[in-house]
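Laboratory data are not the source of any read-out in this text; all were calculated from the coordinates shown. All values reported here derive from a predicted model rather than from experimental measurement. Heads up, the Cβs are rebuilt from the backbone with ideal geometry, glycines too, and the neighbour counts pull from every protein chain shown.
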Amino acid sequence: MPSRSRWLSLALVLSLFFYILLLSGFPLADALANLESQSELFGTVARNKKWVALGVMGLGLAFGAWVIWRRKWAYLVVGAVGMVFLAATYGVYKFQKTYPRAGLLNTERYEDSLSILLGRDAALSRFAPQDTLKVERRRIERAAFPVIDVHFHLESLRYDMTPDRLVAAMDAAGVQKVVHLGGDQPAFEHFAKKFRDKHPDRFILFVKPDPNALMRPNGVQEEVAWLRKAARMGAQGIKENKSFGMGQLDEQGRNVPIDDPRLDPYWSLAAQLRMPVLFHIGEPTSFWRPIDPTNERYPELLRHPEWSLDRKGVPTQSSLMAQREKLLARHPGTVFIGAHLGMNADDLAYAARLLDTYPNYFLDIAAVISDLGRQPYTARRFFIKYQDRILFGSDGGFGLSPSTDWTPERLFRSYFEFLETENEYTEYPLQSITRQGDWRVHGLGLPSEVLEKLYFRNAARLIPPSADVISRLDGLDPGS
Ligand SMILES: [Zn+2]
């Protein structure tokens, strides 16, 4: 019947339209990328795209031949409709990959979407300039001194990074030890078994108290008990969470500031056991600014709008810094290491003032080379002046794999080249993945004695051997 098929085709076209509309609101490309890195099955499928596509096409052809042979025309129609939907899904996926968060459904950015659809934005979104500069750049295979990397995330490694493969990379680049920071229960036990027990002198474990402790009646006591237990299992330091001061709530639904006195038992225990506390506080300054083309980390924030702090009710950067100062002042006997240069890599004068004021404050350099490397003269003076207070950290883990562009060797070496050479106008570590600003960096060419402290001596001085921690613990609870 002609009118019935007319209605049917209309319904089909409409449902296709709504399907595309709905799908474009769903972060399809991100979800697939996640699956690819987290699941072994999807990873294998993604690496063998060509063969999977060939297989699917073969099946489709066989199905088509069968349909025609048996004259099952209804199946042919269903198959064709299925293909159209599949093609639409692929189209949306490709669009999201090319234009991350273009926001087809975002009415505020419809002008941007229109430009993209008209192809005007294509050149800029894909802008990836290859420099023509001819200047000598020195490669570094191994660090000048043995390295302790105080900021590493084993929990973020891809499934194909085995402990042996990671240790081989550390050997190749000259990294003696890596500090693992993802030590909340039960992850601590998992990584202790999988990595530390296999290579006892290559991995240092830091333990992480549950940030939600104050949401439970006896949470802090329970976490102190856990810190003690982890210390007996070999923990040599504490990692603290960045959620304090940034929306972390307690049992009554009130905000927990960084210097909340109810958390003092952690800091006192850390002082008694002389375990350093690696504390992530704050975020890059750009995250507090609007996501617009004037934001110097625009491409990064377009990919991750959820990182933006440009919302009502978010505490200011300066209020967080003030809370941190109170914490540092109240616990002079506790060693605090500010992760990511205390998130002050874009304001080294402020970082210097903190170091001058609080002798218990130290810094790691993880994931802030983008900021340090655009002020090489200032940064070099800073590293030389505070050579006893800065520790090497790579923030390694995320995106590292033996089978992609970013192997752990390459990550470590990119840090060493920045610190040891005067290489000009180079990429900063993980630039192609993190996109913390579209600029290049310049090496610091640090003197040997500074490198030795940065790579090794400062960390070796601050991180106690596990046996010392345990004997101090025995001293605290005689009879246990
Ligand atoms: Zn980190």
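In this label model, Ala46 and Glu141 are separated by 3.2 nm, measuring between points 7 Å along each Cα→Cβ vector.
Full extension of the segment from Lys94 to Asp347, taken as 0.36 nm per residue of separation minus the current Cα-Cα distance, would add 87.2 nm. Listed by chain and number, the lysines whose C-alpha is less than 30 Å from the C-alpha of Lys134, apart from same-chain residues fewer than 8 away, amount to an empty set. Legend: calculated FRET efficiency, Ser432 to Asp264, from the Cβ-Cβ distance at R0 = 51 Å, rounded to 0.05, equals 0.75.
In a fully extended conformation the segment linking Asp405 and Ala62 would gain 119.7 nm over its present Cα-Cα distance, using 0.36 nm per residue.
Note on the chain: Kirkwood hydrodynamic radius from all Cα pairs is 25.4 Å, rounded to one decimal. The modelled label-to-label distance between Ala80 and Phe18, using points 7 Å beyond Cα along the C-beta direction, is 2.3 nm. Centre-to-centre, using Cα atoms only, segment 259-311 and segment 338-366 are separated by 14 Å. Summing charges over neighbours of Pro265, with a neighbour being any other residue whose Cβ is under 12 Å away from its Cβ, gives -2 when K and R count +1 and D and E count -1. Sorted into 5 angstrom bins from 0, the C-alpha pair distances of segment 294-414 split as 2, 9, 16, 19, 19, 17, 12, 6, 1, 0 percent. Contact order, relative form, for the chain: 16 percent (alpha carbon pairs under 8 Å, 6 or more residues apart, mean separation divided by residue count). Note down the relative contact order for segment 193-339 as a percent, whole number, built from C-alpha pairs under 8 angstrom at least six residues apart. Over segment 193-339, the number comes to 23 percent.
Measuring r between the beta carbons of Leu8 and Arg303 and using R0 = 56 Å, the FRET efficiency lands at 0.85.
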